[in-house]
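The values are calculated or read from the model by the stated rules, or taken from the named source; none is laboratory data. Everything numeric here is computed off the predicted structure, so don't read it as measured data. Here the Cβ positions follow ideal geometry from the backbone for every residue, glycine too, while neighbour counts run over all protein chains shown. Areas reflect the complete protein model, heavy atoms only, side chains present, ligands, DNA and RNA absent. Shrake-Rupley method; radii C 1.70, N 1.55, O 1.52, S 1.80 Å.
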Amino acid sequence: MTGKKTRIVIAAVLLIAAVALIALGAINMPRRTGEQGEAILDTLRIRSLLNATGDGVVESYVAIAKKEATAAAKAAGGGMSAIREAVAKAEEETRARYSNTTTDYASLDTTELSAAVTAYAQALAAYDAAAAEAEEAYAAAHIEEAEAAAQAEREARIAAGEEVGEETEVEVDMSGFVATQEMIDLQAKADERYASVGAALSSIYPVLDESALTTLKETITSISYQRGDTFTAQYDRYIAMGSGAALTNGTSAFMIRYADDMIYIGLALVVAVLVLLFYETLVAKLGIPRVIIGVFFILLCFMALLYDLSLPTLLSNTVVRMGMNSIMVLAMVPGIQCGISLNLGLPIGLVCGLIGGLLTIEWSIPGVWGFLFAIAVGVVLAAGAGYLYGLLLNRLKGEEMSVTTYVGFSIVSLMCIAWLVLPFRSLKLRWPLGTGLRNTIGLDSTNFAHILDDFLSFKIAGFEVPTGLLLFMALACALVWLFSRSKTGIAMQAVGANPRFAEATGINVDKMRIIGTMLSTVLGAIGILVYSQSYGFMQLYTAPRQMGFIAASAILIGGASTSRCKISHVVIGTFLFQGVLTLGMPVANVLVPGSTISETLRILISNGIILYALTKSGGESRA
């Protein structure tokens, strides 16, 4: 059997399994909110209550036995030692008597208990809703006060020369919150419902008294209702309490519980079928790396759903990380187009951008103007540095990949010394003791933190859209695309494609290479500022060293090569690369808690894709 026929057979089997799973999931999913789902939860809830109450009954019997033993020992004239021995013996005998006692649940009439617990759960839900609304109103009324206090504390720490990290979300102190009258009334109603639950339990376990019911209230309440309860949350909670034996049809309950997971697995199998059927076409159109990373990203999405992770939140984080990294990835485009290949000397531009950001903080230029000033300074410095960098690369044609790597590492090492001696005076930048700048410079509302992320941002079903960040990314991509369509841009691409032919047509090859290098360096300076405003702080010293490799990995994943690239490669590659990292970390933490597997994946992806691209380029000279 040929490879193609084998793939078709496997695809057919997987498709049958996918259809079956999706059908089962679609049939059972609506049952969660129907009578069958409610009956399953009610059965599990009642059994959990009976189990918990049974344990409480044993403790009640033990308490009674200890009390009777104490009285008997005192009546016999025994001392403290005799009383302790009598109490210990009574407790041991009582626990032994009831430890193996089994309850015939089938003979119990739980109709009254079930109605009482349902009413109690509804009362708790009503109280919880009122409490959440009142707490939200209180927080909204005091948020400005909390923000002012947090800002004052931050400024005081800065004035004292302390290191201040990333600005975190301000939380309102709820210690002054007082229950509303509505909450008090609903709490009283819930207490009445609990009394009904207690009466129903007492009819089943007569030994329960008021003291025992008071002791069991917290346990019974947590079983009956918890904030944010869903069908799956309740089902899992009751099963974990050992109540699964109460189900008469465990298979049906299992299928209802995992109906959504069956749909997710079925859809994942459909994706696998499509990959198998169109494998050759996908590889021809996209290339092996993009197919592998794309399928891996889709797999991570399904795994996030299976493990009940918030996929909208993870995808929102992916979009944010795409926006904050995209300009640095875009900086690879002019380098590839002009013929210097992957610009692993990107840290030159990053350092220039960081200097612009530091000057903004040093001179206390706030908000949008501070961000624009940082970009202006970074662009000017990057243009000059890029020109000198381009001259160097023109002298070393054919060795660009090695040279750019060494130059990038060298500039980072040189700046590690410069950050210690540059004459900055702001306490936000300097170490509290000694000289030099901090490793991490926190950004806040006094400069340009989240200046793009917060602009026109909005949220849809848990997915937050950073409108300003995406608009800036789109603007930068559009400008680079327009430049590539200009006379200079076309000449620059001709040099990158075939320098000898371009020179024969009268194009100044060295000049075009310098223009491409300068543009790449300038985009790097802008990119690090976009990255920093989104991240919430700037990182100095060795932090920029690996950013060139990350940007190179992203554009190569997008489908670029060392000699050809497009804007679409930037967008697709950045999204896939950051998506794998964003989804990979929480999924890996669920699969292997406490491991560093997500960081290992990042290193493998970054360096593996670069190695693959270099092997595809064949190591040929571009001179």
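Below are the figures for this structure:
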{"item": "Residue identified as assigned to a helix (DSSP H, G or I), at pLDDT below 85 and in contact with a Phe, Trp or Tyr (Cβ under 7 Å, 6 or more places away or on another chain) among Tyr98, Tyr138, Tyr120", "result": "Tyr98"}
{"item": "Residue within the range 393-408 that is free of Cβ contacts under 8 Å to residues at least 24 places away in the same chain and touching a strand residue (DSSP E or B) at 6+ places or on another chain (Cβ under 8 Å) present", "result": "no"}
{"item": "Residues being on the phi < 0 side of the Ramachandran plot and assigned to a loop (DSSP other than H, G, I, E, B) - total across the range 340-365", "result": "8"}
{"item": "Considering residues of the range 194-211 that are touching a Phe, Trp or Tyr at 6+ places or on another chain (Cβ under 9 Å) and surrounded by fewer than 20 Cβ atoms within 10 Å (Cβ to Cβ) only, the residue modelled with the lowest pLDDT", "result": "Val207"}
{"item": "Failed condition for Val570, given (1) of a type in the set (Val, Ile, Thr); (2) under 18 Å from the mean Cα position of the chain (by Cα); (3) at pLDDT 90 or above", "result": "(2)"}
{"item": "Qualifying helices (runs of 4 or more DSSP H) (wholly inside the range 466-518; at least 3 residues being open to solvent by 40 Å² or more (accessible area, probe 1.4 Å) and without any contact (Cβ under 8 Å) to a residue 24 or more places away in the chain)", "result": "467-485, 499-504"}
{"item": "All positions within the range 1-28 that are within 30 Å of Val117 (Cβ to Cβ) and buried (at least 16 other Cβ atoms within 10 Å of the Cβ)", "result": "Gly25, Asn28"}
{"item": "Matching residues, the range 548-571, being surrounded by fewer than 22 Cβ atoms within 10 Å (Cβ to Cβ) and part of a helix (DSSP H, G or I)", "result": "Phe549, Ile550, Ile567, Ser568, Val571"}
{"item": "Criterion violated by Met241 - all others in (1) open to solvent by 40 Å² or more (accessible area, probe 1.4 Å); (2) hydrophobic (A, V, I, L, M, F, W, C); (3) under 29 Å from the mean Cα position of the chain (by Cα) satisfied", "result": "(3)"}
{"item": "Output for the range 38-63, where each listed residue is of a type in the set (Val, Ile, Thr) and at pLDDT 70 or above", "result": "Ile40, Thr43, Ile46, Thr53"}
{"item": "Residue tally, condition touching a residue at least 24 places away in the same chain (Cβ under 8 Å) and either open to solvent by 70 Å² or more (accessible area, probe 1.4 Å) or over 22 Å from Leu305 (Cα atoms) (or both), over the range 221-238", "result": "5"}
{"item": "Top-ranked residue of the range 268-295 - restricted to ones that are under 23 Å from the mean Cα position of the chain (by Cα) and open to solvent by 40 Å² or more (accessible area, probe 1.4 Å), ranked as nearest to Thr582 (Cα to Cα)", "result": "Val295"}
